[in-house]
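Everything below concerns the one structure shown next.
The values are calculated or read from the model by the stated rules, or taken from the named source; none is laboratory data. No experiment lies behind these values; they were computed from the predicted model shown. Because the Cβ atoms are built from the backbone with ideal geometry, glycine has one as well, and the counts that use them run over all protein chains shown.
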Amino acid sequence: MKAFLNGAIVEKADKMIPLEDRGLTFGDGLFEVLRVKDGHIFFFEDHLSRMRNSAEFFGIPFPYSRDEIKDRARELIALNGINDGELYIELTRGVDQNREHKYPPKDTPPTFFMLAIPLRDIDPMNWKSGAIVFSFPDLRHGLCEHKTINLLPNVLAKNYAYQHGGYEALMYREDLKGKYVTEGGSSNYFFVSGNIVITPEIDNLLPGITRSKVIERLKKNGVQVIERRIYHEELKKVDEVFLVSTVSMVMPVRMIDGKNFKAPGQVTKKAMLLYQKLMEEDKGQH
Ligand code: PMP
């Protein structure tokens, strides 16, 4: 299997990242996961924009143009023979021999690499009859609107769910009114009450590409979508739940902490169909 690293296609098994890379020593970097099918990279512009904006926010130089990245990604996908898979992109602040928190000199080249790998193994029953979810405290820092590689709290949350037989975690924080839900370890959540869809507002959580596509499509199709803080207490009164991400797409949720939901319910089915249609449209465009 090949990878793309700092301008060249390389052998993935080779040891290539110096030990003092700031991604390794400080988690000083960003990542993206894109869905790939039949040579097509879905929602490429959206993912690249998110990464570029965050790179600008953190002052990490962005080394290539969109077109260069797209061309090299396509080359890598073809070389690795990936039909149904994932494109992983990582950008770090580069190698810093000093291992000091202080930013390295301005001319330090960032580390940029891409992996093209087969789609992870997901039991299709999750889409048919719904995923099982467990809630877990959101222990993250205050920079969750960026897709940083500081994923230890997400790893903790997701593994809590796995150890209890679940598919994903639902993270929560607390304010004076009680626990409110934020997002999954690697997905965003939607809750359906009657015909109204509610999703946590972007308030220190990742603005998922899938989340924004689903909101837009639901609204376009006459479904009311409200973005606001949602308290864990409210889950008792919710009819349907679904989670969304690049890899999970739109996935019904049938249970949270032992409480059952209809999965997939009518609105969830609609969201699944609309997103499927949107993916087909995106595929047709390039
Ligand atoms: N939240 C978090 C914390 C994530 O890591 C992801 C996966 N990238 C998402 C939400 C979903 O984002 P997207 O739809 O862009 O894949």
- Query: Looking at segment 195-223, which of the residues that are more than 22 Å from Arg173 (Cα to Cα) and among the charged types (D, E, K, R) is surrounded by the fewest Cβ atoms within 10 Å (Cβ to Cβ)?
  - Reply: Lys220
- Query: Could we say that Phe26 is within 19 Å of Asn80 (Cα to Cα) and of a type in the set (Phe, Trp, Tyr) here?
  - Reply: no
- Query: Only one of (1) within 16 Å of the ligand (Cβ to nearest atom); (2) among the small types (Gly, Ala, Ser); (3) in contact with a Ser or Thr (Cβ under 8 Å, 6 or more places away or on another chain); (4) in contact (Cβ under 8 Å) with a residue 60 or more places away in the chain is not met by Ala271, so which one is it?
  - Reply: (3)
- Note on the structure: Note: among Lys262, Lys270, just one is surrounded by 15 or more Cβ atoms within 10 Å (Cβ to Cβ), among the charged types (D, E, K, R) and part of a loop (DSSP other than H, G, I, E, B), namely Lys262
- Pick from Phe26, Phe4, Phe57, Phe42: which is among the aromatic types (Phe, Trp, Tyr) and surrounded by fewer than 16 Cβ atoms within 10 Å (Cβ to Cβ)? Phe57
- Message: Taking the criterion of being more than 13 Å from the ligand (Cβ to nearest atom), at pLDDT 95 or above, under 28 Å from Asp28 (Cα atoms) and over 14 Å from the mean Cα position of the chain (by Cα), would at least one residue in segment 173-181 satisfy it?
- Response: yes
- Pairs, please: C-beta under 9 Å, at least 6 apart or cross-chain, first residue touching a residue at least 60 places away in the same chain (Cβ under 8 Å) and in segment 62-88, second polar (S, T, N, Q) and not in a helix (DSSP H, G or I)? Glu86/Thr246
